Amino acid sequence: MIETVFLTGATAGIGEEIAIEIAKHYNIVLSGRNIQKLEALKEKCSTNNNVFILPLDLSDFENLEEKIITFLSHNQLTIEKFVHCAGFMKMVPLKLVSQDLMLETFKTNVFSASIIIKLLNSKKNNNSSLNSVVLISSNISNRGAKAMSTYGSSKSALDGLMRSLAVELAPKVRLNSILPGAVLTKMTKAIFENEEVSQRMAAYYPLGIGTSNDIADAVLFLLSDQSRWVTGQQITVDGGRSINITG
Ligand SMILES: NC(=O)c1ccc[n+]([C@@H]2O[C@H](COP(=O)([O-])OP(=O)(O)OC[C@H]3O[C@@H](n4cnc5c(N)ncnc54)[C@H](OP(=O)(O)O)[C@@H]3O)[C@@H](O)[C@H]2O)c1
């Protein structure tokens, strides 16, 4: 039986590459906010496996669970694997951090993942079929940077969620997170457009700046049985950036 992967944040950057790679090996549910982008991505997934699309705004808490439950029951689908790639990042210095920003960031990056994992692990809604979860965190999760307190703390919370659930849901469900370094996408475009910052960053990366494909390869490993004895781990995929202390 071919298993089915539910992927959030499929409509851009890293998520799009993850979608294309996953669709080669599994059935996939592509989720994002924009239905046109989801339909275009479905066309791009060259595969004989099933590709479903599910438009969702992850910050719309009131309706999130109901929409997923209706989708699963309408398609008579069960989900075995979940990849949470959706992420919201706004660089804001502390004096400008608002409650709205904190809520939108945590709803999108953390709380939605918790709700979806709960739903997919349930007998009633998904026949307890969930067996593997990969959360796309960030290398800021264990570190710090200016204007990143909201985004950074959301990724730390995401990794905390991952560790506790890895213990609570074992041995049935494995959960791990990937901590990417800098990858050029819509999210990081503004950073890379600054020539000086871009050159400085490139110099910090022993293996150079990464691509979305580097992250997709790590996701496939964590979803597969090749990682059957790996759970509760933060896997850093950053070209060696985090271990480089060259002055
Ligand atoms: N790029 C990097 O260097 C880097 C480094 C470390 C970690 N990451 C993490 O990697 C993941 C992907 O990043 P990226 O660079 O590919 O980002 P991106 O190009 O900005 O894409 C973000 C994705 O999240 C979705 N999203 C945002 N808010 C949402 C919401 N409220 N509801 C549903 N979907 C929502 C976006 O959907 P729409 O198309 O609807 O906007 C899009 O698919 C994120 O979790 C990010 O934090 C990225």
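The values are calculated or read from the model by the stated rules, or taken from the named source; none is laboratory data. In this text, all values refer to a predicted model and were calculated from it rather than measured experimentally. Every residue, glycine among them, receives a Cβ derived from its backbone with ideal geometry; neighbour counts consider all protein chains shown.
Do any residues in the stretch 187-202 that are of a type in the set (Val, Ile, Thr) have Cβ atoms under 7 Å from those of residues that are crowded, with 16+ Cβ neighbours inside 10 Å and outside any helix (DSSP H, G or I), where the two are at least six apart or on different chains, and which pairs are they?
Thr188/Ala182
Write out, first by first residue and then by second, each pair whose Cβ atoms fall under 6 Å of each other, whose residues are 6+ apart or on separate chains, and whose first residue, in the stretch 216-243, is on the phi < 0 side of the Ramachandran plot while the second is assigned to a helix (DSSP H, G or I) and aromatic (Phe, Trp, Tyr).
What qualifies is Ser227/Phe221; Arg241/Tyr204.
Search the stretch 112-125 for residues being in a helix (DSSP H, G or I) and surrounded by fewer than 20 Cβ atoms within 10 Å (Cβ to Cβ), and hand back the single one that is farthest from the ligand (Cβ to nearest atom). So that I can check it myself, show each step before the final result.
So the first thing to find is which residues in the stretch 112-125 are in a helix (DSSP H, G or I), and the list is 112-120, 123-125.
Adding the requirement that they be surrounded by fewer than 20 Cβ atoms within 10 Å (Cβ to Cβ) leaves 114-115, 118, 123-125.
Working: Ser114: 15, Ile115: 12, Lys118: 18, Lys123: 27, Lys124: 24, Asn125: 20 Å.
Checking each candidate, the answer is Lys123.
Given the structure, is Lys81 charged (D, E, K, R), under 18 Å from Ala157 (Cα atoms) and either modelled with pLDDT of 95 or more or more than 18 Å from the chain's Cα centre (by Cα) (or both)?
Spelling it out, it is not the case that Lys81 is charged (D, E, K, R), under 18 Å from Ala157 (Cα atoms) and either modelled with pLDDT of 95 or more or more than 18 Å from the chain's Cα centre (by Cα) (or both).
If you take the residues of the stretch 138-153 that are within 12 Å of the ligand (Cβ to nearest atom) and among the hydrophobic types (A, V, I, L, M, F, W, C), which of them is surrounded by the fewest Cβ atoms within 10 Å (Cβ to Cβ)?
Ala145
Would you tally the residues in the stretch 1-40 being within 14 Å of the ligand (Cβ to nearest atom) and in a loop (DSSP other than H, G, I, E, B)?
Qualifying residue count for the region: 6.
Can you name every residue in the stretch 43-64 that is part of a helix (DSSP H, G or I), free of Cβ contacts under 8 Å to residues at least 24 places away in the same chain, within 14 Å of the ligand (Cβ to nearest atom) and of a type outside the set (S, T, N, Q)?
Of everything in the stretch 43-64, just one residue is part of a helix (DSSP H, G or I), free of Cβ contacts under 8 Å to residues at least 24 places away in the same chain, within 14 Å of the ligand (Cβ to nearest atom) and of a type outside the set (S, T, N, Q), namely Glu62.
Looking only at residues in the stretch 127-137 that are under 21 Å from Leu222 (Cα atoms) and of a type outside the set (A, V, I, L, M, F, W, C), which one is surrounded by the most Cβ atoms within 10 Å (Cβ to Cβ)?
Ser137
Going by the conditions given, is Ser156 within 13 Å of the ligand (Cβ to nearest atom) and either assigned to a helix (DSSP H, G or I) or surrounded by fewer than 20 Cβ atoms within 10 Å (Cβ to Cβ) (or both)?
Taking the combined requirement at face value, the residue satisfies it.
Looking only at the stretch 65-109, which residues are in a loop (DSSP other than H, G, I, E, B) and either of a type in the set (Lys, Arg) or surrounded by fewer than 16 Cβ atoms within 10 Å (Cβ to Cβ) (or both)?
If the condition is that a residue be in a loop (DSSP other than H, G, I, E, B) and either of a type in the set (Lys, Arg) or surrounded by fewer than 16 Cβ atoms within 10 Å (Cβ to Cβ) (or both), then Gln76, Thr78, Lys90, Met91, Pro93, Val97, Ser98 are the ones that fit.
When Thr231 is evaluated against the numbered criteria (1) within 23 Å of Phe82 (Cβ to Cβ); (2) of a type in the set (Val, Ile, Thr); (3) within 10 Å of the ligand (Cβ to nearest atom), which criterion, by number, is the only one it fails?
(3)
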